[in-house]
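J.: I'd like to ask some things about the structure below.
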Amino acid sequence: MASTNPAAALADDPMIEVEGLNKWYGDFHVLRDIDLTVAKGERIVICGPSGSGKSTLIRCLNHLEEHQQGRIVVDGVTMTQDVKRIEQIRRNVGMVFQHFNLFPHLSVLDNCCISQTWVQKKPRAEAEKTAMEFLERVRIADQARKYPGQLSGGQQQRVAIARALCMRPEVMLFDEPTSALDPEMIKEVLDVMVELARDGMTMLCVTHEMGFAKTVADRVIFMDQGQIIEQAPPETFFNHPESDRTKLFLSQILGH
Amino acid sequence: MAEMATRIEMIEARRPPDLRRGVLGWLRANLFDGPLNSVITLCVLAVLGWGLWPLVQWALIDADWLGSTREACSGEGACWVFISARFETIVYGFYPEAARWRVDAVFMMLGLLIAWLAIPRLPAKRWVGLFALVGFPAVAYVLLLGGHFGLMAVPTREWGGLMLTLTVAVVGIVGSLPLGVVLALGRRSQMPLVRGVCVVFIEFWRGVPLITVLFMASVMLPLFVPAEVEFDKLLRALIGIMFFWSAYMAEVVRGGLQAIPKGQEEAAKALGLGYWRRMGLVVLPQALKLVIPGIVNTFISLFKDTSLVLIIGLFDLLAIIRSGLTDSNWLGFATEGYVFAALMFWIFCFSMSRYSQHIERRLHTGHRN
């Protein structure tokens, strides 16, 4: 099983390096010998059947999940158990969740200011300016004074993207960002993500939106049973998949 | 053949129909909605009137309000003279008369602070809150206890009545909530030692009756510490009450913490917030809001149970009134005494309850969570 490493990953400026990553939940081996290098500015889409460990993999990258073996380096910082080190990595890594996870007791604006104020220690006015800038960019600035509970799912997810961007991260992780949305709202979120990709953000995106993968991904990674089965640029991946497992998966999700 | 059903113009949003039709409208809609309901309403009113009228007659109409001795009482209704004659004692206990202005000052300050913090429009909440938590206890301590700045010292055995009840309740409430929050967080900690200590603390204090705690504080503790070290009896009771209720509070708060989805903390983690900020800014504000009913429930229990300090010889509001019943000049006014005590407790507890409902409404954000 050849895990073909496209040229992009061989660039001399890796943003993320994962080496020999293994993780268990009790006896269950969720991630098996994962090796992955992500270049600065690279856009990666990770897909695979449910339970294949794709979410777990990107959650390891900012230590929302703890791994038992292997090495993770993000933007030159090696992940350890040290809280300071972990928080340093998290400041560089933005994350968008399936269920948005906005803070319901804070207004949209405060959701975007909280980390700027308390982590970056920016003065309030400056934090608000940055927040409005990014809210503008995800086209939701007019809702800044509202609370998350008053917004639709698509709007909430766009706020969540803005909130993550306010920290000016080097990498953005997306954990199935459109899976919890009504069909009519998926596009507004994908549009924002496409724009972000065009601006050169390093992105790792767990998603089943194959259209998105075809449009923006530099590389598509297919995972099954905790392993990377295949990775290739989208044209190769969708038109000439190598492994039978990938072919089966593609036929299942593209078949109808 | 079906007609074309295409909507060309959108329907504008309209205001909901006005269903409030004044007092009469409300009466008609809710009480006199048809002959059967009217009859039921009248029957219920009659039963209520028949049942409550004697009480009203006793407590208000036939009652004696003026005077200073028991001769003023006609004996037909309640004799509130019993209360008014002893009012000072009921409020201040045995606090020396010359120094009672100090109690008044502390009461007034407390009232002002609570009002300031409770009325949303008033500014500088943070500073007033800080003063209420740090400055006010110090000032209250100096004023109530005396012994400094030329103030006459008033030992706690001379405290009593409403001021003692309020002291115990306020210290208990202000102390048990933060301690309970810390214990609740500790019980959910990843660190086995911290978790263990919190679990043992909570389970110990929750497992013994408050009366036992008070007895231990007043009778047993002196046996274990050297005779020269003298802890004030009130202080011991205060610490006992605080620990006891903080264990209950911890479990109430833990219930709230468990109701917050894991994603909230994960989102806060992903933003780079450290543990205390995650708790203080994201998890606790939501958790505490959720368990306001439980917290206030605990406050109310605490407030009422302050009367248990009576068994270690402290004279709270209820005990002072009871002691008045044995006064040979005023024998036979137990009903008035107990009704008055009940009314006082009810006023404080009901205020807390109403305020908590107001807070819940004010903190509600959005249609959904």
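The values are calculated or read from the model by the stated rules, or taken from the named source; none is laboratory data. Given the structure is predicted, the values throughout are model-derived calculations rather than measurements. Reconstructed Cβ throughout: ideal geometry from the backbone, glycine too, with neighbour counts over all protein chains shown.
J.: Mind checking which residues of the stretch A:119-144 are outside any loop (DSSP other than H, G, I, E, B) and within 24 Å of the chain's Cα centre (by Cα)? First the steps, then the outcome.
T.: Within the stretch A:119-144, the subset outside any loop (DSSP other than H, G, I, E, B) is A:124-137, A:141-143.
Result: A:127, A:130, A:131, A:132, A:133, A:134, A:135, A:136, A:137, A:141.
J.: Right, here's the next one. For the stretch A:192-256, which fully contained helices (runs of 4 or more DSSP H) count at least 3 residues that are of a type in the set (A, V, I, L, M)?
T.: On the way: elements: A:210-216, A:234-239, A:244-254.
Ranges flagged: A:210-216, A:244-254.
J.: Given the residues A:59, A:32, A:43, which is the only one that is buried (at least 23 other Cβ atoms within 10 Å of the Cβ) and not aliphatic (A, V, I, L, M)? Step through it out loud before you land on a result.
T.: Values: A:59 fails: buried (at least 23 other Cβ atoms within 10 Å of the Cβ); A:32 fails: buried (at least 23 other Cβ atoms within 10 Å of the Cβ).
Matching residue, one of A:59, A:32, A:43: A:43.
J.: Being hydroxyl-bearing (Ser, Thr, Tyr), within 14 Å of chain A (Cβ to nearest Cβ) and over 17 Å from residue B:299 (Cα atoms): is that true of residue B:365 here?
T.: Working: hydroxyl-bearing (Ser, Thr, Tyr): yes; within 14 Å of chain A (Cβ to nearest Cβ): yes; over 17 Å from residue B:299 (Cα atoms): yes.
So residue B:365 passes the test.
J.: Here is a check on your reading of the model: is residue A:134 facing another protein chain (nearest Cβ under 9 Å), in contact (Cβ under 8 Å) with a residue 24 or more places away in the chain and surrounded by 17 or more Cβ atoms within 10 Å (Cβ to Cβ)?
T.: Working: facing another protein chain (nearest Cβ under 9 Å): no; in contact (Cβ under 8 Å) with a residue 24 or more places away in the chain: yes; surrounded by 17 or more Cβ atoms within 10 Å (Cβ to Cβ): yes.
Judged against the criteria, residue A:134 is not a match.
J.: Of the conditions (1) closer than 21 Å to residue B:349 by Cβ; (2) surrounded by fewer than 12 Cβ atoms within 10 Å (Cβ to Cβ), residue B:171 fails just one. Which one is it?
T.: That leaves (2) as the condition not met.
J.: Note down all Cβ pairs under 7 Å where the first residue falls in the stretch A:66-81 and is closer than 16 Å to residue A:40 by Cβ, the second is of a type outside the set (Val, Ile, Thr), and they're at least six residues apart or on different chains.
T.: If the second residue must be of a type outside the set (Val, Ile, Thr), the pairs left are A:73/A:17; A:74/A:61; A:74/A:92; A:75/A:15; A:75/A:92; A:75/A:170; A:77/A:85; A:77/A:88.
J.: Being buried (at least 23 other Cβ atoms within 10 Å of the Cβ) and either more than 8 Å from chain B (Cβ to nearest Cβ) or more than 21 Å from residue B:277 (Cβ to Cβ) (or both) narrows it down to one of A:93, A:73, A:108, A:77, so name that one.
T.: Working: A:93 fails: either more than 8 Å from chain B (Cβ to nearest Cβ) or more than 21 Å from residue B:277 (Cβ to Cβ) (or both); A:73 fails: buried (at least 23 other Cβ atoms within 10 Å of the Cβ); A:77 fails: buried (at least 23 other Cβ atoms within 10 Å of the Cβ).
Selected residue: A:108, the only one of A:93, A:73, A:108, A:77 that is buried (at least 23 other Cβ atoms within 10 Å of the Cβ) and either more than 8 Å from chain B (Cβ to nearest Cβ) or more than 21 Å from residue B:277 (Cβ to Cβ) (or both).
J.: Quick one: which helices (runs of 4 or more DSSP H) sit completely within the stretch B:85-144 and have at least 3 residues that are in contact with a Leu (Cβ under 6 Å, 6 or more places away or on another chain) and either surrounded by 14 or more Cβ atoms within 10 Å (Cβ to Cβ) or modelled with pLDDT under 85 (or both)?
T.: Working: elements: B:87-92, B:100-118, B:125-130.
Per the criteria, B:100-118.
J.: Output the residues belonging to the stretch B:220-247 that are surrounded by fewer than 18 Cβ atoms within 10 Å (Cβ to Cβ) and in contact (Cβ under 8 Å) with a residue 40 or more places away in the chain.
T.: B:232, B:235
J.: So in the stretch A:145-156, with the set limited to residues that are under 24 Å from the mean Cα position of the chain (by Cα) and part of a loop (DSSP other than H, G, I, E, B), which one is farthest from the other protein chains (Cβ to nearest Cβ)?
T.: Restricting to residues being under 24 Å from the mean Cα position of the chain (by Cα) and part of a loop (DSSP other than H, G, I, E, B), the top hit is A:152.
J.: Within the stretch A:185-200, can you find the residues that are touching a residue at least 24 places away in the same chain (Cβ under 8 Å) and buried (at least 18 other Cβ atoms within 10 Å of the Cβ)? First the steps, then the outcome.
T.: Let us first name the residues in the stretch A:185-200 that are touching a residue at least 24 places away in the same chain (Cβ under 8 Å), namely A:185-186, A:188-189, A:192-193, A:195-197, A:200.
Correct list: A:185, A:186, A:188, A:189, A:192, A:193, A:196, A:197.
J.: Let me ask something additional. Among the residues of the stretch B:326-362 satisfying the criterion of being touching a residue at least 60 places away in the same chain (Cβ under 8 Å) and closer than 14 Å to residue B:78 by Cα, which is farthest from the other protein chains (Cβ to nearest Cβ)?
T.: Across the stretch B:326-362, the extreme among qualifying residues is B:330.
J.: Now a separate question. Evaluate the following for residue B:211: is it among the β-branched types (Val, Ile, Thr), within 25 Å of residue B:298 (Cα to Cα) and exposed (fewer than 15 other Cβ atoms within 10 Å of the Cβ)?
T.: Values: among the β-branched types (Val, Ile, Thr): yes; within 25 Å of residue B:298 (Cα to Cα): yes; exposed (fewer than 15 other Cβ atoms within 10 Å of the Cβ): yes.
Criteria met by residue B:211.
J.: Any idea which of B:91, B:56 is touching a residue at least 24 places away in the same chain (Cβ under 8 Å) and not charged (D, E, K, R)?
T.: B:91
J.: If residue B:155 passes every condition in (1) surrounded by 14 or more Cβ atoms within 10 Å (Cβ to Cβ); (2) modelled with pLDDT under 90; (3) within 26 Å of residue B:86 (Cα to Cα) but one, which one does it miss?
T.: (1)
J.: Can you tell me which residue among B:257, B:271, B:290, B:317 is under 30 Å from residue A:170 (Cβ atoms) and either touching a strand residue (DSSP E or B) at 6+ places or on another chain (Cβ under 9 Å) or not charged (D, E, K, R) (or both)? Let's see the steps before the verdict.
T.: Values: B:257 fails: under 30 Å from residue A:170 (Cβ atoms); B:290 fails: under 30 Å from residue A:170 (Cβ atoms); B:317 fails: under 30 Å from residue A:170 (Cβ atoms).
Checking each option against the conditions leaves just B:271.
J.: Here are B:281, B:290, B:302, B:273: which of them is in contact (Cβ under 8 Å) with a residue 60 or more places away in the chain and either under 30 Å from residue A:162 (Cα atoms) or under 22 Å from the mean Cα position of the chain (by Cα) (or both)? Step through it out loud before you land on a result.
T.: Values: B:281 fails: in contact (Cβ under 8 Å) with a residue 60 or more places away in the chain; B:290 fails: in contact (Cβ under 8 Å) with a residue 60 or more places away in the chain; B:273 fails: in contact (Cβ under 8 Å) with a residue 60 or more places away in the chain.
That would be B:302, the only listed residue that is in contact (Cβ under 8 Å) with a residue 60 or more places away in the chain and either under 30 Å from residue A:162 (Cα atoms) or under 22 Å from the mean Cα position of the chain (by Cα) (or both).
J.: Now, a different point. Give me the pairs: first residue in the stretch A:160-176 and closer than 12 Å to residue A:196 by Cβ and more than 11 Å from chain B (Cβ to nearest Cβ), second residue aliphatic (A, V, I, L, M) and surrounded by 23 or more Cβ atoms within 10 Å (Cβ to Cβ), beta-carbon distance under 6 Å, and six or more apart or on different chains, which are they?
T.: Within 6 Å, the pairs are A:161/A:96; A:161/A:138; A:162/A:135; A:162/A:138; A:171/A:93; A:174/A:96.
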